[in-house]
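Engineer: Have a look at this one.
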Amino acid sequence: MKDLPVAQTRNIAIVGHTGSGKTTLLDALLFKLGASDRLGSPAAGTSAADWNDEEKERKITIWAKPFTVRYEARDGKPVNFVFIDTPGYADFTGQLTAATSVADAALLVIDAASGIQVGTFRAWRRLEELKLPRGIVITGLDKENADFDGMLARIQEVWGRKCVPIEIPTHDRSRIIDIIEGQIPDELAGEAEQAMNVLEEDAAEEDDALLEKYLGGEHLSHDELVGGLRVAVRRGHLVPVFEAEPLQGIGISELLEELYHLFPSPMERAIADAEGRPVDPSPEAPLAAQVWRSVNDAYVGQLSFLRIYGGTLRADSEIFNVNKGQKERIGFVHVVNGRKDISVTEAHAGDIVALPKLKITQNGDSLCAPGHSIRFAPIDYPQPVMSVAVAPKSAGDDDKIGVGLQRVAEEDPTLKVERNTETKELILSGMGDIHLDIAVGRMKKRSNVDVVLSTPKVPYKETITARAEGHYKHKKQSGGRGQYGEVYIRLSPLPPGDDDWFEDALVGTNVPRNFLPAIQKGLLEGMSRGILAGAPVVQTKVTIYDGSHHEVDSSEIAFKIAAARAFTNGMQNARPVLLEPIMRVRITVPDKYMGDVTGDLNHKRGRILNIEANAGLQVIEAEIPQAELFKYSSELRSITHGQGSFEAAFARYDTVPNHVAQKVIAEAQKNKQAESDE
C-alpha cells in the first residue's frame, strides 16, 4: 500500500486439501491482526473468509479471496500481508490455479490427523509447476492420534529433507517454540538443536562466505542465519515447517513473524512477462498488472481483481489493456477483505486490488501504463471433466439461459458453455457435479429462469471400413421443366490425417464440370447424417467417376439430390461402423481404493495404460469412452469417499463395440421415428 515500501509486502496463497484447516487458519490470522472482531469459524458459518451464502450452506471454500492486513513485526517494522484463501475441493481447482499464479509464496496446510491427502498432492504439484516458494503448516494436533513428529516424518518421507521444522510444539502442546527466535525449554533442547543444525547448514549453503565460515567450525550469526534461510526458501531449497492451532490461537504470532522473515517480498522474486522480459517491481517503474479474477457484485457490478507486479496503480487515472489494445479509465481502487472493502489512492507490486466497472477488461487481461505494452502469459486453467445438457423448462427461454450461463462462465474460466452443433444441445462443462450445480444455481438466480438438466448426448460419428460403389439417378417430371441428374461414386476409407476427401475422376462430358460444386454439396449433405445413427460421417473418401445429364432438365438441385442419395446408397455397402469419443484420463486415488477404482474402470469399458505409485497414492492413466464419463466425478467421489480426483482430455475417436453400437443405433432409430410421428 501507499505508505509501505514494496520490500515490506508478503503475498501468500493458503492451499491444501479440503478440510485441512486453511480457512480456519486464515480466520485466526485475521482475528490476530485485528481485521476481524471475532474468531470466525467455517463450520459455524461465521468465517470472515467463507462469507457468501453458497460457502456457508456447503461449509466449504468455493472462491479464492484476497485479504490485506497490516502486521507490526517484532523489529518494529510494519508488514503488509496479502493472504489469498483458496478452495481445497477438487471441483474448484481453477480457483487454486488462479490464486497461486498471482502469489509470491504459498502456505500448504496439512491436518495432522488426516495426513497428506489427494488435495495436498494436487496443491503441491501446482506449487512445483510454478516453482513457488512455500512453507508447510501442520494443524490439528489437538485431535486424537495426531502426532507432530509422525506427521513431520511423513512429510520428509514424501518431499525430502528440505522440509525442516522452524517451530516445534511443547510436549503438552500448550505452546509453539520458534527455533530461531524463541527461548528453547529444556524438554525440547535436543530436538531444537538437531533442527538448528540442519537450518544452519541450509543457510550456509546459499552463500560461499557463509559456507566457508560454517565449514571452519563457526556458528552463523542470527542475521546471517535468517538471511541464508530466506534465500534458501526463495530458491526452493528449503521448505520451512510450522505448527499452529488456529482455534486456540497457538502458534499464530510465531507464524506471522517467520513469514515476514523467511518469505520473499515482490522485490526479491524474478517476474517476467510473456516474452520472458523481466518486470521491474519498483514503484517508479511502469505499471504492470494482470486480472486474475472477475466478480459480478450485486451492488458494485463488475469487479476485476488484479495483481500488481510493478509500478504504481493510482485511483482516477488511465491504464492500457494490452490484450484489447485499448485504454481504460479507472475511478476507485478497492482493497477487498471479504464483505469489507476500502478505497485506496494507490497500490504497488505485491498488492491485490479490485477495480469496479471496467468496460473492456476481462479475466486474464494484462494492464499497464499507457505508452507501454507489458503482456503476461495467460493463466493455464485445468480442462473441464464433467458436462450437462441445459434446456429451458419454458419455451422461449433459450436466449436467457445462454446469456446467463455465459455471464457465470466469465467469472470462472473452468466453466465452458457451448452449443454442440452435432447434438444441438447447450452444454455446460465444469470440474464436477457440485461445480456445475453452483453455476446453474447462480444462473437461475440472476436470470430468473428454470432449466432442465440432462446427461449430454454423445457426439458419435460414423465411418466406413470397406470400399463400395454408390449410384443414384434423380429423375422427376411433373409438368414443365423436369429434374434430372445421375451420379456414380466410389467410397473408400480415408487414412487418418488426410483431408483430401473428394476426387474428380470424371472422363468426358457425361457430367458437366459446372455441376461439380452442387455434387460436392450433395455429398456433404449425405455425410452429415450417416445411415446407422444419423451421426456425421468422417474418414471417408468419395470419388465421382461417372454419371449422366439432360440438356434441359439437369440442374444444380438435381445433381445435389443425386449425389446425397448416391452416398447413402454406397455407404450401405461399405460396412459402416459407429465411432465414439475416447478420453484420456488420469485418476489419483489412495492405495486402499485401488481395487474398487480399477474394477469400476473395467465396467466402464476402460483400458488401463499405466499405474504408478506416488507416496501412498496411486495414479492411474487410462482411456475411457466419453459415454461412461459424464457422471464419473460423482461416482469417483462415492467410491473413494471424496479422496479421489481425475483429469480428462479428448484422445481420439474409436469404433464402438458391436453390442453397444446396437443399443445406440436402436435408440437413434426410435428417436427418429418419434420425431417423424410428431
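Engineer: Under the 0.36 nm per residue contour assumption, what length would be gained going from the current alpha-carbon distance of Lys672 and Arg586 to full extension?
Structural biologist: On the way: separation 86, 0.36 × 86 = 30.96 nm, distance 3.67 nm.
The span from Lys672 to Arg586 would gain 27.3 nm if fully extended.
Engineer: What is the ratio of the Cα radius of gyration of the range 288-368 to 2.2 N^0.38 Å, where N is its residue count, to two decimals? Working shown, then result.
Structural biologist: On the way: Rg = 11.3 Å, N = 81, 2.2 N^0.38 = 11.7 Å.
For the range 288-368, the normalised Cα radius of gyration comes out at 0.97.
Engineer: Farthest toward the dipole's positive end in the chain, which of Ile611, Leu262, Asn363, given Cβ charges of +1 (Lys, Arg) and -1 (Asp, Glu) about the Cα centre?
Structural biologist: Comparing the listed Cα positions along the dipole, Asn363 ranks first.
Engineer: In whole Å and largest first, what semi-axes does the C-alpha gyration tensor of the range 616-658 yield when each eigenvalue is scaled by 5 and square-rooted? Write down the numbers at each step before the final one.
Structural biologist: On the way: eigenvalues 104, 33, 15 Å².
Taking √(5λ) for each Cα gyration eigenvalue gives 23, 13, 9 Å.
Engineer: Here's another thing I want to ask about it. Can you give the log10 of the normalised intensity I(q)/I(0) at q = 0.13, 0.24, 0.30 Å⁻¹, computed with Debye over equal Cα scatterers of the range 261-316?
Structural biologist: Debye curve over Cα of the range 261-316, log10 I(q)/I(0) at q = 0.13, 0.24, 0.30 Å⁻¹: -0.45, -0.99, -1.20.
Engineer: How charged is the neighbourhood of Glu57? Take every other residue with its Cβ under 14 Å from the Cβ of Glu57, and add Lys/Arg as +1 and Asp/Glu as -1. Each step should come with its number before you reach the end.
Structural biologist: Working: positive: Lys56, Arg58, Lys59, Arg442, Lys445; negative: Asp50, Asp53, Glu54, Glu55, Asp437.
Local charge sum for Glu57: 0.
Engineer: A further question on this structure: Classify the range 442-494: rounded, prolate or oblate, from the alpha-carbon gyration tensor (a ≥ b ≥ c, eigenvalue square roots; a/c under 1.5 rounded; otherwise prolate if a/b is larger than b/c)? Working shown, then result.
Structural biologist: Numbers: a/c = 6.31, a/b = 1.85, b/c = 3.42.
It comes out oblate by the Cα gyration axes.
Engineer: Report the FRET efficiency, 1/(1 + (r/R0)^6), for Leu215 and Ala651, where r is their Cβ-Cβ distance and R0 is 51 Å, rounded to 0.05. Provide the component values of the computation, followed by the final result.
Structural biologist: Values: r = 54 Å, r/R0 = 1.06.
For R0 = 51 Å, the calculated efficiency reads 0.40.
Engineer: Take the alpha carbon gyration tensor of the range 579-660, find the square roots of its eigenvalues, order them as a ≥ b ≥ c, and report rounded if a/c is under 1.5; if not, report prolate when a/b exceeds b/c, else oblate.
Structural biologist: Numbers: a/c = 2.05, a/b = 1.75, b/c = 1.17.
Since a/c reaches 1.5 and a/b is larger than b/c, the shape of the range 579-660 is classed as prolate.
Engineer: So, one more: Taking the Cα centre of the range 579-660 as origin and charging only Cβ (+1 Lys, Arg; -1 Asp, Glu), how large is the dipole, in debye to the nearest 20? Mind showing how you got there, number by number?
Structural biologist: Working: 9 positive and 11 negative charges, 19 e Å.
Dipole about the Cα centre, nearest 20: 100 debye.
Engineer: Rounded to two decimals, what ratio of Rg to Rh does the range 50-168 give with C-alpha atoms and a Kirkwood Rh? Intermediate values should be presented prior to the final figure.
Structural biologist: Working: Rg = 15.6 Å, Rh = 16.0 Å.
With Rg and the Kirkwood Rh in hand, the quotient comes to 0.98.
Engineer: Using helices alone, what [θ] at 222 nm do you get for the chain, with -39,500 (n - 2.57) per DSSP H run of 4 or more residues, divided over all residues and rounded to the nearest 500? Mind showing how you got there, number by number?
Structural biologist: Numbers: 16 runs with 196 residues, N = 678.
When only DSSP H runs of four or more count, the value is -9000 deg cm²/dmol.
Engineer: Along its three principal axes, how long is the range 538-603 when you only count alpha carbons? Whole Å, largest extent first please.
Structural biologist: That gives 77, 21, 16 Å along the principal axes, largest extent first.
Engineer: Arranged by the count of other C-beta atoms within 10 angstrom, fewest first, what order do Thr568, Thr93, Thr345 take? Before the final figure, lay out the partial values.
Structural biologist: Values: Thr568 17, Thr93 25, Thr345 12.
Least to most surrounded, the residues fall as Thr345, Thr568, Thr93.
Engineer: In debye, nearest 20, what is the charge dipole magnitude of the chain about its Cα centre with +1 on Lys and Arg Cβ and -1 on Asp and Glu Cβ, if you could check? Spell out each step's value before the answer.
Structural biologist: Numbers: 77 positive and 99 negative charges, 736 e Å.
Roughly 3540 debye for the chain.
Engineer: Quick one: putting +1 on the C-beta of Lys and Arg, -1 on the C-beta of Asp and Glu, what dipole do you get for the range 266-307 around its Cα centre, in Debye to the nearest 20? Please list the in-between numbers first.
Structural biologist: On the way: 4 positive and 6 negative charges, 33 e Å.
Magnitude of the dipole: close to 160 debye.
Engineer: Moving on to the next point. To the nearest 0.05, how large is the calculated FRET efficiency for Ala466 and Ile608 if R₀ is 41 Å and r is the Cβ-Cβ distance? The partial results should precede the final answer.
Structural biologist: Values: r = 32 Å, r/R0 = 0.78.
After rounding, the FRET efficiency stands at 0.80.
Engineer: Cut-off under 13 Å on the C-alpha distance; same-chain residues fewer than 8 positions from Lys670 excluded. Which aspartates and glutamates are left, in chain and number order?
Structural biologist: Straight-distance partners of Lys670: Glu678.
Engineer: Continuing with the same structure: Between the range 54-99 and the range 336-408, how many Å separate their Cα centres?
Structural biologist: 18 Å
Engineer: In the range 163-179, whose amide N lies under 15 Å from the spot 7 Å out along Cα-to-Cβ of Asp186? List them in ranges.
Structural biologist: It comes to 171, nothing else.
Engineer: Which angle from 0 to 90°, rounded to the nearest 10, does the C-alpha axis of helix 118-130 make with the longest principal axis of the chain?
Structural biologist: 90 degrees
Engineer: Provide the packing ranking of 630-638, 6-14, i.e. peptides ordered by the mean count of other C-beta atoms within 10 Å per residue, highest first. Could the numbers behind the result be given before it?
Structural biologist: On the way: 630-638: 18.2, 6-14: 23.4.
Sorting 630-638, 6-14 by mean packing, highest first, produces 6-14, 630-638.
Engineer: Would you kindly state how much longer the chain becomes between Tyr545 and His372 on full extension, computed as 0.36 nm times their sequence separation minus their alpha carbon distance, in nm to one decimal?
Structural biologist: On the way: separation 173, 0.36 × 173 = 62.28 nm, distance 6.08 nm.
Net length gain for the segment: 56.2 nm.
Engineer: Can you compute the equivalent ellipsoid semi-axes for the range 466-574, i.e. the square root of 5 times each eigenvalue of the Cα gyration tensor, sorted largest first and rounded to whole Å? Provide the component values of the computation, followed by the final result.
Structural biologist: Numbers: eigenvalues 118, 45, 24 Å².
Values for the range 466-574, descending: 24, 15, 11 Å.
Engineer: Let me ask something additional. Between Val390, Asn510, Asn197, whose Cα lies farthest towards the positive end of the dipole of the chain when Lys and Arg beta carbons carry +1 and Asp and Glu beta carbons carry -1, centred on the Cα centre?
Structural biologist: Of the listed residues, the answer is Asn510.
Engineer: Still on this model: For the range 386-456, build the convex hull from the C-alpha positions and give me its volume per residue in Å³. Display every interim value, and only then the final one.
Structural biologist: Working: hull volume 5.5 nm³, N = 71.
So the per-residue Cα hull volume is 78 Å³.
Engineer: Take Leu247 and Gln662, extend 7 Å from each Cα along the Cα→Cβ direction, and tell me the distance between the two endpoints in nm.
Structural biologist: The two pseudo-label positions are separated by 5.9 nm.
Engineer: Right, next: Of Val408, Gly522, Gly338, which is farthest along the charge dipole of the chain in the positive direction, counting Lys and Arg as +1 and Asp and Glu as -1 at C-beta?
Structural biologist: Result: Gly522, furthest along the dipole toward the positive end.
Engineer: Ok, one more. Filter the GluC sites (Glu not before Pro) in the range 242-315 down to the DSSP loop ones having no more than 11 other Cβ atoms within 10 Å, then list what survives. Write out the running numbers ahead of the final one.
Structural biologist: On the way: sites: Glu243, Glu254, Glu257, Glu258, Glu268, Glu275, Glu284; in loops: Glu268, Glu275, Glu284.
Here the sparse-neighbourhood loop sites are Glu275, Glu284.
Engineer: Quick one: compute a quarter of the convex hull surface over the Cα atoms of the chain and quote it in nm².
Structural biologist: Numbers: hull surface 152.3 nm².
Approximately 38.1 nm², given one-decimal rounding.
Engineer: Taking only the alpha carbons of the range 534-575, what extent do you get along each of the three principal axes, in Å, biggest first?
Structural biologist: The Cα atoms of the range 534-575 stretch 37, 21, 15 Å along their principal axes.
Engineer: Further question: Can you tell me, using C-alpha contacts under 8 Å and at least 6 residues apart, the relative contact order of the chain as a whole percent? Show your work: numbers first, answer last.
Structural biologist: Values: 1488 pairs, mean separation 68.7, N = 678.
It rounds to 10 percent for the chain.
Engineer: Can you tell me the length gained on complete extension of the stretch Arg446 to Arg419, counting 0.36 nm per residue apart and subtracting the Cα distance? Write down the numbers at each step before the final one.
Structural biologist: Working: separation 27, 0.36 × 27 = 9.72 nm, distance 2.08 nm.
Value of the extension gain: 7.6 nm.
Engineer: Run the reach check for Lys521 against lysines, Cα to Cα strictly under 23 Å, same-chain hits fewer than 8 apart removed. What comes back?
Structural biologist: Lys424, Lys461, Lys473, Lys475, Lys476, Lys541, Lys560
Engineer: A further question follows. According to a simple spin-label model (label point 7 Å from Cα along Cα-to-Cβ), what is the distance in nm between Ala113 and Ala7?
Structural biologist: Between Ala7 and Ala113, the simple spin-label model gives 4.4 nm.
Just so you know, all these numbers are worked out from the coordinates, no wet-lab data involved. The shown structure was predicted, so the numbers you read here are calculated from the model rather than taken from an experiment. Glycine gets a Cβ as well: all are built from the backbone with ideal geometry, and neighbour counts include every protein chain shown.
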